[in-house]
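The values are calculated or read from the model by the stated rules, or taken from the named source; none is laboratory data. On a predicted model such as this, the values are computed, not experimentally measured, just so you know. Neighbour counts run over all protein chains shown; Cβ positions are idealised from the backbone, glycine included.
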Amino acid sequence: MNTNTINIAIDGPAGAGKSTIAKRLAKKLGYIYVDTGAMYRAMAYYFLQKGIESSDEAAIANACKDVDVTIAYEGNEQQVILNGENITGFIRTEQVGNMASATSVYPVVRTKLVELQRQLAKKENVIMDGRDIGTCVLPDANVKIYLTASSRTRALRRYEELKAKGEDCELDVIEKDIIDRDYRDMHRETSPLKQAEDAVLLDSSDLNIDEVVDAIMKIYEGKMEKE
Ligand code: DC
């Protein structure tokens with residue numbers, strides 16, 4: 001892809017800290033943060049509202065014709081607009097996350113969103129996070145990071161988050177959910193989650209947020225010096 005903008009791709013499994021890290025980096029560098037998971041969640045939210053089963057590919061293909069997902073920014077925060085309505089506040093639930101994982105297997109869903117993601121990256125310097133950014137959406141990204149952490153670490157982080165919100169939850173259930181989601185995201189036919197050959201692997205299990213941000217900044221600076 002011929003682009004004059006600078007693109008940073010961060011891929012990895014659910015709960016690896018991609019969005020927290022990407023937001024920090026975007027602020028540091030003055031880039032736009034694009035959360036592609038939120039787009040798949042927006043589609044999933046629509047399917048759930050319509051009462052469509054994740055296994056009903058025909059109904060999903062049909063519904064895709066009526067879905068318009070766009071992105072807007074309020075301050076530096078990405079807002080997801082579904083058919084003209086800002087639904088950002090409704091998509092961060094486990095139910096929507098699982099539906100997004102289940103319905104993102106369909107090419108009809110992916111094609112629509114990948115096009116939108118590429119347009120954004122062409123227009124602006126972006127840090128984009130997701131599952132297939134380095135492998136499929138932006139194969140020529142200037143920097144590619146594959147950010148991961150053990151399933152237990154990721155479950156613990158999610159557990160702490162939910163507890164802080166006063167929600168009732170069980171660590172083992174959260175971890176099982178994460179393992180199931182990883183399996184689905186890594187084994188689907190279209191654009192499965194995997195590390196791009198030219199991506200740098202970062203395991204955040206024993207690193208705090210600042211340490212991950214610093215590590216990526218070093219990789220970024222090294223790459224930019226060479227270009
Ligand atoms: O990152 P997240 O948890 O918000 O993503 C929700 C689901 O969306 C994830 O389980 C798989 C799917 N997804 C995808 O298939 N491709 C992306 N680039 C981003 C997310």
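Just to be sure before I move on: is E161 modelled with pLDDT under 95, within 14 Å of the ligand (Cβ to nearest atom) and under 16 Å from the mean Cα position of the chain (by Cα) in the structure I sent? Answer is no for this residue.
Criterion applied to A22, A26, A42 was being within 15 Å of V96 (Cα to Cα), under 19 Å from the mean Cα position of the chain (by Cα) and part of a helix (DSSP H, G or I), and the one residue passing it is A42. The residues on offer are G51, G75, and the sole one that is modelled with pLDDT under 95 and more than 10 Å from the ligand (Cβ to nearest atom) is G75.
Of everything in the range 105-137 that is away from the ligand (no atom under 11 Å from the Cβ) and of a type in the set (V, I, T), the residue that is surrounded by the most Cβ atoms within 10 Å (Cβ to Cβ) is I127.
Just a yes or no: is a residue in the range 181-189 more than 13 Å from the ligand (Cβ to nearest atom), of a type outside the set (D, E, K, R), in contact with a Leu (Cβ under 6 Å, 6 or more places away or on another chain) and over 27 Å from G30 (Cα atoms)?
Within the range 181-189, the first condition is being more than 13 Å from the ligand (Cβ to nearest atom), and the residues that meet it are none.
No, there is no match, as no residue in the range 181-189 is more than 13 Å from the ligand (Cβ to nearest atom), of a type outside the set (D, E, K, R), in contact with a Leu (Cβ under 6 Å, 6 or more places away or on another chain) and over 27 Å from G30 (Cα atoms).
I want to confirm something. Restricting to the range 83-99 and keeping residues that are assigned to a helix (DSSP H, G or I) and in contact with a Phe, Trp or Tyr (Cβ under 7 Å, 6 or more places away or on another chain), which single residue is surrounded by the most Cβ atoms within 10 Å (Cβ to Cβ)? So, considering only residues that are assigned to a helix (DSSP H, G or I) and in contact with a Phe, Trp or Tyr (Cβ under 7 Å, 6 or more places away or on another chain), the one surrounded by the most Cβ atoms within 10 Å (Cβ to Cβ) is M99.
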